[in-house]
Each structure stands twice: as C-alpha cells, then as structure tokens.
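**Q** Here's a structure for you.
The values are calculated or read from the model by the stated rules, or taken from the named source; none is laboratory data. What you see is a predicted model; the values in this text were computed from it and never measured. Every residue, glycine as well, gets a Cβ built from its backbone with ideal geometry; the counts of neighbours run over all protein chains shown. Heavy atoms of the whole protein, side chains included, go into the accessibility calculation; ligands, DNA and RNA do not. Shrake-Rupley method; radii C 1.70, N 1.55, O 1.52, S 1.80 Å.
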Amino acid sequence: MDTLGNRLGQLAVVVLAALAAVVVGWTVFVLLPGDTAELLGVVLTIVFAIGAVRGAARLARGWFADYNVAEVAVDGPITRDGAGDGLAGGVVTPPADAIVEQIEAADGDPNVAGLLVKLNTPGGEIVPSDDIRLAVERFDGPAVAYTTDQCASGGYWIASTCDRLFAREGSLVGSIGVIGSTVNAKELAEELGVSYERFAAGKYKDAGQPLKELDADDRDYLQGLIDDYYEEFVKRVAAGRDLDPAAVRDTEARVFLGGEAVERGLVDEIGTARDAEDALSESLGVEVAVEEFRPSPGLMRRLRVGVQSVAYAAGAGVARTLAGEDGVDVELR
C-alpha cells in the first residue's frame with residue numbers, strides 16, 4: 001500500500017479544490033455583485049472555500065485511501081441517547097445509533113475489507129446493544145473484537161457475534177446477565193400523605209409503579225420478562241461462541257479476568273489491539289491499515305448531555321424514576 005502516494009494524492013485533490021473554490025467564489029460573490037458587496041463577498045468566498053475543502057477532503061480519502069480496515073469503538077455505557085458530561089468537558093459517549101451508523105458507513109466504504117471492534121463498556125440498554133450487535137453481524141467481511149478494561153454484559157452481547165475476541169490479562173469479561181429494578185416508595189408516600197389511585201386497562205399495566213405495592217403476581221410477571229431476556233442472551237452467546245448453553249449459565253453473570261475468560265471459552269486469546277489487527281491480516285490475507293470510524297457528538301449534543309447531567313445531579317433523575325411510565329428499568333449489566 002503506497003501510503004506516501006496516497007497522501008500526496010489526497011493533498012493534491014484538496015489544494016486543487018481550494019483553489020477552484022476561491023476562484024469561483026471570488027467571481028460569483030465579489031466581482032459580479034459590484035463594489036458594495038465586496039465585504040460580504042469575501043466572507044461568502046471564505047465560507048464557500050471551507051465547504052469545498054471539506055468536501056474534497058472526504059472525496060480524496062475515498063479516492064486515495066490508505067486503509068483497508070475500519071475500527072469502531074464502543075466506549076462507556078451503551079444507551080440510545082449517549083451519556084457523559086458535555087458541559088464539564090468530559091467524555092461524551094456516542095448514542096448507539098451513531099455507532100451503528102459508523103459500522104454501516106464502514107460496510108459501505110469500498111476500501112474497507114475488515115472490521116475491528118474496540119470494546120470498553122460495562123454494558124447498558126438491551127435494544128441499543130442489540131442494534132450494534134446486528135450491525136456488526138451484517139458487516140460484509142471479517143469482524144474481530146478486542147477489549148481493554150472491560151467487556152461486560154451488553155458489550156459481551158456485541159462481542160459474541162464477532163469472529164474472534166481478544167482480551168488483556170486484566171480485562172473484566174462476561175457479566176452474561178440481565179438486571180431489572182424499580183423503586184418502591186409506597187411507605188414513604190403514605191408518611192407524606194400521598195396515595196396511589198389506579199386508572200389502568202390491563203392487569204399488569206402498572207406493574208412496578210413505585211407508589212403501588214408490588215404483589216406476587218407483579219413479581220412473577222416482571223421476573224418473567226427478565227428471564228426471557230436472559231434466555232435470549234444465553235442463546236446468543238452460546239451460538240456466537242460455540243458453547244453449551246449450560247456452560248454459559250454456569251457463569252452466573254460473573255465477570256472473569258482475561259485468563260479465566262479464555263479457559264471458559266468466552267475469549268479466544270489474550271492479546272492487544274495489535275494482535276487483533278494481526279488476526280484480521282491473517283483472515284484477509286493482506287497487510288492491514290486501520291482507519292478509525294468515530295461519530296462526532298457535536299456541540300449541541302454536548303450541551304444537551306451536559307444539561308441532562310446537571311439536572312440529574314439536582315434531583316431530576318430521581319423524579320424521572322418515580323414518574324416513569326414503565327416503572328422498571330431493565331439493562332444488560
């Protein structure tokens with residue numbers, strides 16, 4: 001792979017696009033309107049040139065690509081909307097949908113022949129985790145995963161569909177289980193003089209509501225949902241890792257250090273990102289060059305997530321839990 005030639009080709013495309021944009025922009029926005037529009041024309045020319053350069057850069061990367069493997073990272077809790085402290089400048093975890101988009105973009109990139117999945121997550125919401133798993137499963141080519149600190153629950157749900165999984169000796173792997181919870185505030189409400197009046201159609205519609213006494217039927221119903229999710233999790237892992245379902249259940253939702261995870265068949269080998277790249281190279285039969293496909297959270301999303309974090313810290317999160325429609329929070333953790 002001629003890296004220097006690709007770089008020079010990309011640079012040439014960008015430079016030519018910039019020059020063309022300046023000439024066209026200056027002509028359209030400055031020379032034609034006359035002297036009164038010169039200032040505005042200069043501004044528009046600059047904006048036009050920047051847009052052209054960015055577009056040319058994207059095209060140049062496709063025309064003179066110096067990569068053949070895409071790396072997509074799943075970092076932090078897996079949620080539909082993402083998480084993190086945007087106002088404080090902390091890490092903002094991308095939404096699951098944004099990660100799916102990057103995997104699909106890699107799949108649609110003619111230069112990408114293999115997928116490298118970096119996993120460092122404690123798990124998270126069930127359907128978003130499964131959305132990422134499905135995107136990896138649908139990728140047209142070999143997919144190899146590696147974990148750094150942890151690959152637990154929803155993260156392992158994703159890993160189970162990859163062709164191979166590498167972990168470090170100190171990585172925490174597993175947590176093949178499902179947890180659901182609800183807050184029961186009935187006694188507290190009674191002390192405050194608050195009563196629960198039920199208006200619902202369907203016996204189990206308000207099962208798990210915090211102001212309602214949780215009876216045996218409600219418990220059986222909610223536990224049944226958790227059990228169904230768990231059986232699906234076990235089924236996916238057993239199929240993806242070629243394990244006996246009984247061996248998966250025997251993990252009892254524990255996490256294991258890398259070495260024991262290998263012994264139990266949850267991980268293929270102890271290794272780093274480089275080892276995962278070598279595995280892809282072996283599978284593809286060529287030397288690999290990796291390009292990171294990472295979604296940008298954007299300024300507005302950073303602000304929104306930051307405001308949500310502040311609101312939650314101020315107590316809004318508690319109010320949301322008490323007033324939630326579903327009553328039960330279920331996650332792969």
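**Q** Checking Leu165 against (1) of a type in the set (A, V, I, L, M); (2) surrounded by fewer than 12 Cβ atoms within 10 Å (Cβ to Cβ); (3) closer than 29 Å to Ala73 by Cβ: exactly one of these is not met. Which one?
**A** (2)
**Q** Exactly one condition in (1) touching a residue at least 40 places away in the same chain (Cβ under 8 Å); (2) assigned to a loop (DSSP other than H, G, I, E, B) is not met by Asp140; state its number.
**A** Going through the list (1) touching a residue at least 40 places away in the same chain (Cβ under 8 Å); (2) assigned to a loop (DSSP other than H, G, I, E, B), Asp140 breaks only (1).
**Q** Take Ala145 and decide whether it is in contact with a helix residue (DSSP H, G or I) (Cβ under 8 Å, 6 or more places away or on another chain) and either of a type in the set (A, V, I, L, M) or farther than 30 Å from Asp97 by Cα (or both).
**A** Considered against the rule, which asks whether it is in contact with a helix residue (DSSP H, G or I) (Cβ under 8 Å, 6 or more places away or on another chain) and either of a type in the set (A, V, I, L, M) or farther than 30 Å from Asp97 by Cα (or both), Ala145 comes out as yes.
**Q** Hey, any hits in segment 146-164 for a residue that's over 30 Å from Asp250 (Cβ atoms) and in contact (Cβ under 8 Å) with a residue 12 or more places away in the chain? Give the steps one after another, and end with the answer.
**A** Going residue by residue through segment 146-164, those that are over 30 Å from Asp250 (Cβ atoms) are none.
No, every residue in segment 146-164 fails to be over 30 Å from Asp250 (Cβ atoms) and in contact (Cβ under 8 Å) with a residue 12 or more places away in the chain.
**Q** Is there any pair with a first residue in segment 105-128 that is closer than 10 Å to Val69 by Cα and a second that is among the charged types (D, E, K, R) and open to solvent by less than 50 Å² (accessible area, probe 1.4 Å) whose Cβ atoms are under 6 Å apart and which are 6 or more apart or on different chains, and what are they?
**A** Partner pairs satisfying both residue conditions: Leu116/Glu71.
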